[in-house]
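The values are calculated or read from the model by the stated rules, or taken from the named source; none is laboratory data. Every value quoted in this text rests on a predicted model; they were computed, and no experiment measured them. Positions of Cβ are generated from backbone atoms using ideal geometry, with glycine treated the same way; all protein chains shown enter the neighbour counts.
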Amino acid sequence: MSEKTPSRPLPETRNAGEKFWKAAAEGSLLVPKCTACARTFWHPRPRCPHCGSNRVDWIKGSGGGTVHTFTVVRQSGDPFFKTRVPYAVAMVELDEGPRMMTNVVDCPVDSVKIGMRVEVVFEAAGENLAIPMFRPAGSAK
Amino acid sequence: MSQTHLSGQVSIVGAATAGIGWETGNSVSEIMAEAVLSALDEAGLSVRDVDGVFAVTPYYWMPSATLADQLGIQPKVTDSTNIGGASVVAHVGHAVRAIVSGQCEVAVIAYASTQRSDGGKLVTGADILPFERPYGALFPISGYAMLMQRHMYEHGTTREQLAQVAVSASQWASLNPDALKPEAISVADVLASPLISDPLRKLDICLVTNGGGAIVLTSRDRAKKLRKPAISVLGTGESHSHCYVSNMRSYTATAGVESGRAAYEMAGLGPKDMDVVQIYDAFTIMVLLGLEDLGFCAKGEGGRMVDRGIGPGSKLPVNTSGGGLRYCHPGMFGIFLLVEAVRQLRNECGKRQVENTRRALVHGFGGVVAGNATVILGRDG
């Protein structure tokens, strides 16, 4: 009988995010793009928040981005996240335009800076699910 | 359409708090009702006069109906609009329009929470965007931390300047007999307090307390016959720019720009006309954003403005009660901003009274600077 280890709170994978999370599980970061006004956006939803069109499609993101702002969480009451402190939460501006909330990983939390170049990396989370996170660009081992 | 014809048509005739403290034996609806009854009593009105009920709290599904049940009222106007801590500030604008249009005559606006006694942390109905869930951002703390970080990066705002917001709040609180944290703190104290979510430290964050408050509004003509000096609602404005942190277009500016502009235009006044300012300060960075977006200084100058002083004796007194940082903070703080502004305008503030206060600005933020509402109040003479 093993003690149940708390697991990472998981996203909603149905509805507008279904395709996104399926691609993430396969190691690819999709970005929603409106084919009516040609603009990208985050987060996924059935209609474009810029023009209202339902002609929303996906493009494959380059996986590159820049830290727009961030914070290092030092304390948490959440059963999972309290085992992970300190960790960096950031708004990363994707090279395709929109900003997404994520974690910056694979580096000391005190090295995270605004303007830092980052690249996507996926953390496996449960069955058929992977969470996109970012690490310093060029830090692949 | 211009809103100037609404300016000064409605007055606040009662303002009260209830149940502010660390412990309580009362429920949230009881505290709201007590605040409403005290505010009515100030005015010389009774619950039978009330035909407009405005309320918000995270505790109930239909807060205005819960409050009306508690008081035995069937109103002609009801409003539980929730834009977080800005809600009751927005309700003022709604009540003005309901009274001027003749929909109701006497409106009450109320809020309460017993979050201190219910676990000692923020009680909120806030939902997290499903796409944000896996990343462990503290709500709303990490959102504000990211605003602070970006403001420091873009504008050279210093940690010391942000700490000074909390120090000023403590100086005001030391003059407020109702403040729950009246002891003075220094910049060094703030910077030595534990990091919670960088660069945000414990003393950058509001208190967690119980409490409630209420105000009463009626037409200018009816207000003249009541007990307390009437405080005119000169301007109101509201907006929201996003709901979730992920959807913020800017991490250094807020829809306070738009809500402030609407309030100034309706009042025919500007920032220079304000004698006292109450800006929701759940986190120190909010005061800088508010001062900038409401035009008290240019964007990015908030830190330097705080250096010049916002505490007792300064040219622009901000958060004269001690604010959410040091007075009390039962969650959505808007009602306490309004009550303090009314008391300053009535010259009831004792040691913390700002002399010759004729105009006051109140700005509420909700969520992570999502909801914004601005109210400009004034007294005659």
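Before moving on, here are some points about what is shown:
- Long-range neighbours under 6 Å by Cβ, at least six apart or interchain, first residue within 17 Å of B:Thr252 (Cβ to Cβ) within the range B:361-375, second part of a strand (DSSP E or B): B:His363/B:Ile279; B:His363/B:Thr374; B:Phe365/B:Gly85; B:Ala370/B:His240; B:Asn372/B:Ser239
- Output for the range A:24-69, where each listed residue is away from chain B (no Cβ under 11 Å), farther than 28 Å from B:His151 by Cβ and aliphatic (A, V, I, L, M): A:Ala25, A:Leu29, A:Leu30, A:Ala36, A:Ala38, A:Val56, A:Ile59
- Against the list (1) without any contact (Cβ under 8 Å) to a residue 60 or more places away in the chain; (2) away from chain A (no Cβ under 14 Å), the condition B:Ser219 fails is (1).
- Contact annotation: residue pairs with Cβ atoms under 6 Å, 6 or more positions apart or on different chains, pairing a residue in the range A:114-139 that is modelled with pLDDT of 95 or more with a partner that is aliphatic (A, V, I, L, M) and in a loop (DSSP other than H, G, I, E, B), are A:Arg117/A:Ala137; A:Val118/A:Ala137; A:Glu119/A:Ala137; A:Val120/A:Leu29; A:Ile131/A:Ala125; A:Pro132/A:Leu29; A:Met133/A:Val105; A:Arg135/A:Val105.
- Residue list for the range A:70-124, restricted to those being assigned to a strand (DSSP E or B), at the interface with another protein chain (Cβ under 8 Å from one of its Cβ atoms) and over 14 Å from the mean Cα position of the chain (by Cα): A:Thr71, A:Val72, A:Val73, A:Tyr87
- Within the range A:6-17, residues that are at negative phi and within 7 Å of another protein chain (Cβ to nearest Cβ) have Cβ atoms under 6 Å from residues that are exposed (fewer than 13 other Cβ atoms within 10 Å of the Cβ) and modelled with pLDDT under 90 in no pair, counting only partners at least 6 apart in sequence or on another chain.
- For the range B:173-216, the candidate set comprises residues that are more than 14 Å from every other protein chain (Cβ to nearest Cβ) and among the hydroxyl-bearing types (Ser, Thr, Tyr); within that set, the residue that is farthest from the chain's Cα centre (by Cα) is B:Ser186.
- Where helices (runs of 4 or more DSSP H) fall entirely within the range B:1-119, those with at least 1 residues that are of a type in the set (Val, Ile, Thr) and more than 20 Å from B:Gly334 (Cα to Cα) are at B:87-100.
- Within the range B:231-261, the residues that satisfy the criterion of being surrounded by 23 or more Cβ atoms within 10 Å (Cβ to Cβ) and within 29 Å of B:Ser38 (Cβ to Cβ) are B:Ile231, B:Val233, B:Leu234, B:Gly235, B:Thr236, B:Gly237, B:Glu238, B:Ser259.
- Of B:Gly72, B:Gly21, B:Gly14, all but one fail to be under 25 Å from B:Gly378 (Cα atoms) and modelled with pLDDT of 95 or more; the exception is B:Gly14.
- Taking the range B:212-251 as the range and being assigned to a strand (DSSP E or B), touching a Ser or Thr at 6+ places or on another chain (Cβ under 6 Å), over 20 Å from B:Arg346 (Cβ atoms) and not acidic (Asp, Glu) as the test, the residues that pass are B:Gly237, B:Ser239.
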